[in-house]
Amino acid sequence: MSSPTRLLAGAVILSAALLPTPAASAHTVQDTHAAQDGRTAWNTQAVQDGRTTRDTHAARSGRTARDGQTAWDDLAAGSATAGCRPGSGPRLAGRDLTRVALPADLSCADLRRAKLDGVLVRSLLTGADLRGASLKGTRLGNAEMAGARLRGADLTEAELYYANLRGADLREATMDDSIPYNAHFEGADLSGATMVRARTYSAQFDDAKLVGVDLTDADAYGTDMRRADLTGLKASKARMYESTMIKTVFRDADLRGAQLRGSVLDGATFQGADLGGAELRDVTGARLAGSKGVPKDLPAPDPACEPGSGQKYAGWDLTSVAEFPRDLSCADLTGAKLDGVDLGIVKLDRAILRDVSATGATIRYLKGADLRGARLERAKLGSVELMGADLTGARMARAQLGSAKLAGANLSKADLSGAEFGSADLTEAKLGGADLRDAEFGSARADQADFTGARMERADLSSGKFQGAVFRGATLTDADLSYAELRGATFADAEVTGMKTDYAKDADLSGSSSRPALGWVIFLSLAGLVALWVLVRGVARGRRRVKAAKLEATSRAAHLEEVRRSQEENVTRLGEEIDRLADGEGAGGDVNWHRALDAYDAAKKALADARDIDDVKAVDIIVARGRDALRGRTAR
């Protein structure tokens, strides 16, 4: 079939579809009356508002309204049948209309699930029912679609520039890569729609509902979203700068990396919104209470802001933040974690950083900041501005404070052991009770500074300026004040043992105290230790001797008892031998027999009187003599 034939056939089919039923005729009469009346519900609202959306846009962007007509007038002109019920017009549901010549008016048409991909649509679509329709790449520029139903429709890559979609239902619609710039969505419901990479710049979303809409990487700059509900919006990396967002709701929105610079945010709500890395430079009226994440840029705080009145990051772990706003003056960072973070270009003037953990962090601007109890060990604070800052009890061991501006700062009871203050300005600073052991103050200026009770053992204050400084009760053992300027400095009750004052100017150490030189202290200590060692060694040796004697005596007694028992048995056996001979032969007139008895008696007596080994051994000789006598008796 030839192209003209196909077009003719399509026209016949479409004409049949468009033939009005009696009921439709009645609607047509009503619609005609509406056209003659020249008013719609939206037009009426526009009159009540006393303004037009296009005029509002022209005022914001510096351009006049298109063709000198207002947006509401355009809507009225293009909504001749606005009074009809959506879906009550031509029945084209499910039709493939990609090759059909469309009529000029499809107001309230039933186009559910219809296919219009890539079609150039010039028909009126006011109140049309396009739910689930396929409009991929459809050219709908300047289309009149007020009140249309487009729920679940696929508008991927569709051209919607200057389209009128006021009050339209676009819930769950797919609008990825669509081009609705300068389009009108006032009062429309786009909840759940996806608009990834959509070009919606300069579009009107007044009072629209965009709950859960996905605007990731979209161009939405210059839009008007006043009073719009963007709860749960996904707008990561979206370009939304220089937009009007008065009283807009961003509750729980994902705005990470979004560009909002120069936007008007008066009355906008950001409760639960993630602003991590968002760009908020030069915005006006921003109140970010309840938001989370750290924006890349923020509007400059009021120069007279009160400490803690700025951004609220108390207790936050900020160690993973890639980029901080350049000005966090008056922010509340109480107890925040900033270990190792580089804040070298971030202003933290009058900020509250109590108990903050910033070990190894790089910080430069802290004028008037509250750093009581802060942990700043090994922090890089070179040239830091800490004038008037409160660092009471701060832990700053081995911190780098070269050329730091600490005039009037309160460092009382701070741990500054091993800290570097080379060329720092500590004029009128308070360092009472501070730990400054091994600290380096080379060429520092600390005129009228208060070091009362400070621990400054081995501190290097050489070539420094300490005119009028107070060192009352300070411990300056082995400190170096060579070449220092000390006019008017007070050292009352200070401990200055080993302190060097070579070439110091106007040094007056009256009232200070000094112990013996360290060399003598060491010598006497060593001598005392040697004497104590000798004494202890002598006592220990005597004790060992006594103990050895006791052990030897015990051993001898045990040995004596053992030998005694042996000799007792020997004597007993001698007596038994005498008894056996007596029972066998008698004893009369035998001289050897008497000698044996005398030896037995003598052995018993000697054993009883024995007091040592030698005495016991003598018993053995006596017993031997008795046995010799018995052997003589036996031989006879």
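The values are calculated or read from the model by the stated rules, or taken from the named source; none is laboratory data. Since this is a predicted model, take the numbers as computed values, not measurements. So basically every Cβ, Gly included, is an ideal-geometry build from the backbone, and we count neighbours across all protein chains shown. The protein model used for the area step is the full one, side chains on, heavy atoms only, and it has no ligands, DNA or RNA in it. Shrake-Rupley method; radii C 1.70, N 1.55, O 1.52, S 1.80 Å.
Ordered by solvent-accessible area of protein heavy atoms (1.4 Å probe), largest first, the residues HIS184, HIS594 come out as HIS594, HIS184. Kirkwood analysis of the range 169-276, using all unique Cα-Cα pairs, places the hydrodynamic radius at 12.8 Å.
Once you list every other residue whose beta carbon is under 14 Å from the beta carbon of THR156, what net charge do they have if Lys and Arg are +1 and Asp and Glu are -1? Local charge sum for THR156: -3.
Quick one: dipole size for the range 437-486, taken about the Cα centre, charges +1 on Lys/Arg Cβ and -1 on Asp/Glu Cβ, in debye to the nearest 20.
On the way: 6 positive and 9 negative charges, 30 e Å.
The calculated dipole for the range 437-486 is roughly 140 debye.
Placing pseudo-labels 7 Å out from each Cα toward the beta carbon at LEU581 and ARG91 gives an inter-label distance of 15.9 nm. With the convex hull drawn over the C-alpha atoms of the range 461-620, the volume per residue is 143 Å³. About the centre of its Cα atoms, the range 403-512 shows a dipole size close to 220 debye [charges on the beta carbon of Lys, Arg (+1) and Asp, Glu (-1) only; nearest 20 debye].
Beyond 28 Å in Cα-Cα separation lie the following of the pairs LYS380/LYS413; LYS292/LYS413; LYS380/LYS465: LYS292/LYS413.
I'd like the carbon and sulfur percentage of the solvent accessible area for the range 289-385, probe radius 1.4 Å, heavy atoms only, ligands and nucleic acids excluded. Present the calculation step by step, with values, prior to reporting the outcome.
Details: 1920 of 4180 Å².
Looking at the range 289-385 in its full context, I get 46 percent from C and S.
A probe of 1.4 angstrom, applied to the heavy atoms of all protein chains, finds GLU569 with accessible area near 110 square angstrom.
Seen through its C-alpha gyration tensor, with square-root eigenvalues sorted a ≥ b ≥ c, the range 393-438 comes out oblate because a/c lies at 1.5 or above while a/b is not bigger than b/c. Accessible surface of LYS312, taken over heavy atoms with a 1.4 Å probe and every protein chain present, rounds to 110 Å². Using the Cβ-Cβ distance between ILE345 and THR319 with R0 set to 22 Å, the FRET efficiency works out to roughly 0.80.
Residue ranking by accessible heavy-atom surface, 1.4 Å probe, largest first, among VAL196, VAL530 comes out as VAL530, VAL196. The eigenvalues of the Cα gyration tensor, multiplied by 5 and square-rooted, give the range 215-255 an equivalent ellipsoid with semi-axes of 15, 14, 6 Å from largest to smallest. Subtracting the Cα-Cα distance of ALA527 and ASP506 from 0.36 nm times their residue separation leaves 3.7 nm of extension gain.
Once you divide the Cα radius of gyration of the range 399-486 by 2.2 N^0.38 Å, the number left is 0.89.
About its Cα centre, what dipole magnitude does the range 160-297 give when the only charges are +1 on Lys and Arg Cβ and -1 on Asp and Glu Cβ, stated in debye to the nearest 20? Don't jump to the answer; show the numbers that get you there.
Numbers: 18 positive and 21 negative charges, 67 e Å.
Value, rounded to 20: 320 debye.
Only aspartates and glutamates eight or more places from LYS209 in sequence, or on another chain, were considered; those with a Cα closer than 14 Å are ASP169, GLU172, GLU186, ASP189, ASP224, ASP229.
For ASP415, the accessible surface of its heavy atoms amounts to roughly 50 Å² (probe 1.4 Å, protein chains only, rounded to the nearest 10).
What translational diffusion coefficient, to the nearest whole µm²/s, does the range 125-170 have by Stokes-Einstein, given a Kirkwood radius computed over alpha-carbon pairs, a temperature of 25 °C and 0.890 mPa s viscosity? D = 243 µm²/s.
Average accessible surface for the range 389-441: 35 Å² per residue, computed with a 1.4 Å probe over protein heavy atoms with every protein chain in place. Show which lysines lie in cross-link reach of LYS605 when reach means a straight Cα distance below 26 angstrom and same-chain residues fewer than eight apart are skipped. Counting by Cα, and skipping residues close in sequence, LYS605 has these lysines nearby: LYS617.
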